[in-house]
Amino acid sequence: MRPHAAVAAIEHQAGRVTGLRLADGTALAADAVVNCAGPRAAEVAALAGVALPLGREPGLLAVSRPVAPPPRLVCHTAAITFRPDPGGGLVLAHAADLDRTVAADTPADPRRPPAPNSSRAPPFRPDLTRAGLAAARIGVRPLPSTA
Ligand SMILES: Cc1cc2nc3c(=O)[nH]c(=O)nc-3n(C[C@H](O)[C@H](O)[C@H](O)COP(=O)(O)OP(=O)(O)OC[C@H]3O[C@@H](n4cnc5c(N)ncnc54)[C@H](O)[C@@H]3O)c2cc1C
């Protein structure tokens, strides 16, 4: 495990990966490389000369304060998606109407939606409305692109 070590180059020969070079210059031999760089996966694939058509779709993410009992499952509603946050609260995302209003460089404002207000909170978690938000940020979804 090499945490916080950016891959700066992928060495390849005759169409096969032979190793990696990290940003600090460390060279690592490898028979195979798994690219799981999320929104940056296209950049990493390009290091191996591979074009990976990946779109970047910004969206609002908010994290609620802890709720009890902590959520265990993902819940999709028409207005928003809720999923467990390791901190004991919920991550709120996929408010399509709000996502359309942001770009990847929009400053996140925790006072703005997606707030768990009465129109978006699921009726079976009324405590979410009382808990309120702990943080909000803009995230970028890596989505397959045809462009
Ligand atoms: C607004 C929004 C809403 C979402 N809603 C949902 C949802 O409801 N349900 C769901 O399942 N998913 C959802 N997702 C998607 C989910 O969060 C991602 O699919 C998931 O986090 C991707 O995990 P990952 O490990 O593939 O990528 P990431 O979590 O992005 O991790 C990629 C890692 O690669 C590292 N990296 C990048 N470049 C390099 C490099 N050159 N060298 C080394 N490391 C590098 C990064 O530092 C990062 O640690 C949502 C995402 C967003 C933005």
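Give A41, A68, A45, A51 a once-over and let me know the one that is of a type outside the set (K, R), within 30 Å of V17 (Cβ to Cβ) and out of contact with any strand residue (DSSP E or B) (no Cβ under 9 Å at 6 or more places or on another chain). Quick ask: steps written out before the conclusion?
Numbers: A41 fails: out of contact with any strand residue (DSSP E or B) (no Cβ under 9 Å at 6 or more places or on another chain); A68 fails: within 30 Å of V17 (Cβ to Cβ); A45 fails: out of contact with any strand residue (DSSP E or B) (no Cβ under 9 Å at 6 or more places or on another chain).
So the residue among A41, A68, A45, A51 that is of a type outside the set (K, R), within 30 Å of V17 (Cβ to Cβ) and out of contact with any strand residue (DSSP E or B) (no Cβ under 9 Å at 6 or more places or on another chain) is A51.
Looking at the range 82-100, which of the residues that are in a loop (DSSP other than H, G, I, E, B) and in contact (Cβ under 8 Å) with a residue 40 or more places away in the chain is surrounded by the most Cβ atoms within 10 Å (Cβ to Cβ)?
Narrowing the range 82-100 to residues in a loop (DSSP other than H, G, I, E, B): 85-89, 94-95, 100.
Now narrow it down to the ones that are in contact (Cβ under 8 Å) with a residue 40 or more places away in the chain: 87, 89.
On the way: G87: 14, G89: 24.
Once the filter is applied, the top-ranked residue is G89.
Residues of the range 12-29 being within 13 Å of the ligand (Cβ to nearest atom) and assigned to a loop (DSSP other than H, G, I, E, B), which ones? Explain how you work it out, then say what you get.
Initially, the range 12-29 is screened for residues within 13 Å of the ligand (Cβ to nearest atom), giving 20-24, 26, 28.
If the condition is that a residue be within 13 Å of the ligand (Cβ to nearest atom) and assigned to a loop (DSSP other than H, G, I, E, B), then A23, D24, T26 are the ones that fit.
What's the number of the condition A147 fails, among (1) more than 16 Å from the ligand (Cβ to nearest atom); (2) surrounded by 11 or more Cβ atoms within 10 Å (Cβ to Cβ); (3) modelled with pLDDT under 65?
Result: A147 fails condition (2) only.
Please enumerate the residues belonging to the range 1-33 that are free of Cβ contacts under 8 Å to residues at least 40 places away in the same chain and closer than 26 Å to A104 by Cα.
Initial filter on the range 1-33 (free of Cβ contacts under 8 Å to residues at least 40 places away in the same chain): 1-6, 8-33.
Scanning the range 1-33 gives P3, H4, A5, A6, A8, A9, A23.
For L60, indicate whether it is of a type outside the set (K, R) and part of a strand (DSSP E or B).
Numbers: of a type outside the set (K, R): yes; part of a strand (DSSP E or B): yes.
It is true that L60 is of a type outside the set (K, R) and part of a strand (DSSP E or B).
Among the residues of the range 63-81 satisfying the criterion of being assigned to a loop (DSSP other than H, G, I, E, B) and within 10 Å of the ligand (Cβ to nearest atom), which is modelled with the lowest pLDDT? Spell out the reasoning first.
Taking the range 63-81 and keeping what is assigned to a loop (DSSP other than H, G, I, E, B), we get 65-74, 77-80.
Retained after the next criterion (residues that are within 10 Å of the ligand (Cβ to nearest atom)): 74, 80.
Working: V74: 92, I80: 82.
That would be I80.
Might you let me know whether the range 106-115 holds any residue that is out of contact with any Ser or Thr (no Cβ under 7 Å at 6 or more places or on another chain), part of a loop (DSSP other than H, G, I, E, B), at pLDDT below 85 and over 23 Å from R141 (Cβ atoms)?
First pass over the range 106-115, keeping only residues out of contact with any Ser or Thr (no Cβ under 7 Å at 6 or more places or on another chain): 106-115.
So of that shortlist, the ones also part of a loop (DSSP other than H, G, I, E, B) come out as 106-115.
Still in the running and at pLDDT below 85: 106-115.
Now narrow it down to the ones that are over 23 Å from R141 (Cβ atoms): 111.
Scanning the range 106-115 turns up at least one residue that is out of contact with any Ser or Thr (no Cβ under 7 Å at 6 or more places or on another chain), part of a loop (DSSP other than H, G, I, E, B), at pLDDT below 85 and over 23 Å from R141 (Cβ atoms).
The values are calculated or read from the model by the stated rules, or taken from the named source; none is laboratory data. No experiment lies behind these values; they were computed from the predicted model shown. Every residue, glycine as well, gets a Cβ built from its backbone with ideal geometry; the counts of neighbours run over all protein chains shown.
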